[in-house]
Structures are given as C-alpha cells and as structure tokens.
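> For reference, the structure I am asking about is given below.
The values are calculated or read from the model by the stated rules, or taken from the named source; none is laboratory data. Note that the coordinates shown come from a computational prediction; the quantities given were computed from them, not determined experimentally. Note that we place each Cβ from the backbone using ideal geometry, even for glycine, and neighbour counts take in every protein chain shown. These accessible areas exclude ligands, DNA and RNA; they are computed on the full protein's heavy atoms, side chains included. Shrake-Rupley method; radii C 1.70, N 1.55, O 1.52, S 1.80 Å.
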Amino acid sequence: VQLQASGGGLVQAGGSLRLSCEASGMLYTNYRMGWYRQAPGKQREFVAHITSGGTANYADSVKGRFTISRNNALNTVYLQMNGLRPEDTAVYYCNSWRPGTSHAWGQGTQVTVSS
C-alpha cells in the first residue's frame with residue numbers, strides 16, 4: 001500500500017486548504033480512508049475517516065469546518081478544510097485500513113495556519 005498526500009501549505013486563519021491523498025497497491029474500494037494529524041510536541045490524533053460506502057466521521061474539533069470525501073475511480077481521498085484556525089497547524093497524514101490489515105500511512109503534508 002502506498003499513500004501519497006499533497007495540498008498542504010501556509011494559510012491565514014479563516015482560510016481554506018484542500019488535501020488530497022492518492023492510494024496505490026491496494027484494492028482501494030475495500031478500504032476505509034482517513035486523515036490524522038500531529039502537532040509539534042503532541043500525539044497523532046484522528047481528524048476524519050470515510051468508509052468505502054461513503055459514511056464519514058469527524059473529530060469534534062473539526063466538525064462543521066472540515067469535509068472528507070473520496071473518489072473511488074481515482075483512488076483518492078480528499079480533506080476540504082475551511083475556517084482554519086492556528087490550532088489546526090500540524091502535519092496531516094493520510095491513512096488506510098480495513099479489517100484484518102494494519103493501518104497504512106502516507107508521508108504527511110504540513111499545514112500551517114497563521115493568526
């Protein structure tokens with residue numbers, strides 16, 4: 001499994017970014033896809049995930065601001081981030097999982113939100 005994330009960057013508070021993660025080496029539609037993040041000095045935390053059937057779940061801290069989606073034809077999962085806050089600053093990691101397998105991780109993409 002290979003996960004290639006992109007789309008991070010520097011944005012002012014209140015701005016938006018869209019992260020993308022392209023998957024390869026797997027039967028993509030069988031996997032739940034997700035995003036996690038890790039801020040400096042903190043543990044990696046869950047942000048959102050979406051099942052193969054399109055059911056999404058979010059961390060309380062991002063509900064109403066972030067939207068996760070997937071395009072099964074392109075083997076790609078997206079994270080639309082609106083209303084960004086300085087506390088959203090972190091390295092964002094793409095994740096894939098299905099029952100019976102280990103979690104797989106992408107290389108991470110930096111998101112920095114300035115106040």
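> Quick one: would you say residue 24 is of a type outside the set (Val, Ile, Thr) and in contact (Cβ under 8 Å) with a residue 12 or more places away in the chain?
Yes, satisfied.
> Follow-up. Of all residues in segment 62-79, which are open to solvent by less than 60 Å² (accessible area, probe 1.4 Å) and out of contact with any helix residue (DSSP H, G or I) (no Cβ under 7 Å at 6 or more places or on another chain)?
Of everything in segment 62-79, those that are open to solvent by less than 60 Å² (accessible area, probe 1.4 Å) and out of contact with any helix residue (DSSP H, G or I) (no Cβ under 7 Å at 6 or more places or on another chain) turn out to be 62, 65, 66, 68, 69, 70, 71, 76, 77, 78, 79.
> Can you tell me which residue is farthest from residue 65 (Cα to Cα) among those in segment 13-31 that are assigned to a strand (DSSP E or B) and open to solvent by 60 Å² or more (accessible area, probe 1.4 Å)?
Restricting to residues being assigned to a strand (DSSP E or B) and open to solvent by 60 Å² or more (accessible area, probe 1.4 Å), the top hit is 22.
> Would you pick out the residues in segment 80-115 that are of a type in the set (A, V, I, L, M, F, W, C), open to solvent by less than 60 Å² (accessible area, probe 1.4 Å) and touching a Gly at 6+ places or on another chain (Cβ under 8 Å)?
Across segment 80-115, the qualifying residues are 84, 91, 94, 111, 113.
> Yes or no: segment 38-46 includes at least one residue that is in a strand (DSSP E or B), crowded, with 16+ Cβ neighbours inside 10 Å and either at pLDDT below 95 or touching a strand residue (DSSP E or B) at 6+ places or on another chain (Cβ under 8 Å) (or both).
No, there is no match, as no residue in segment 38-46 is in a strand (DSSP E or B), crowded, with 16+ Cβ neighbours inside 10 Å and either at pLDDT below 95 or touching a strand residue (DSSP E or B) at 6+ places or on another chain (Cβ under 8 Å) (or both).
> With the structure loaded, tell me whether residue 57 is open to solvent by 30 Å² or more (accessible area, probe 1.4 Å) and under 14 Å from the mean Cα position of the chain (by Cα) or whether it fails that test.
yes
> Now for a separate question. The conditions are (1) in a strand (DSSP E or B); (2) farther than 15 Å from residue 1 by Cα; (3) touching a residue at least 12 places away in the same chain (Cβ under 8 Å), and residue 62 fails exactly one of them. Which is it?
For residue 62, the exception is condition (1).
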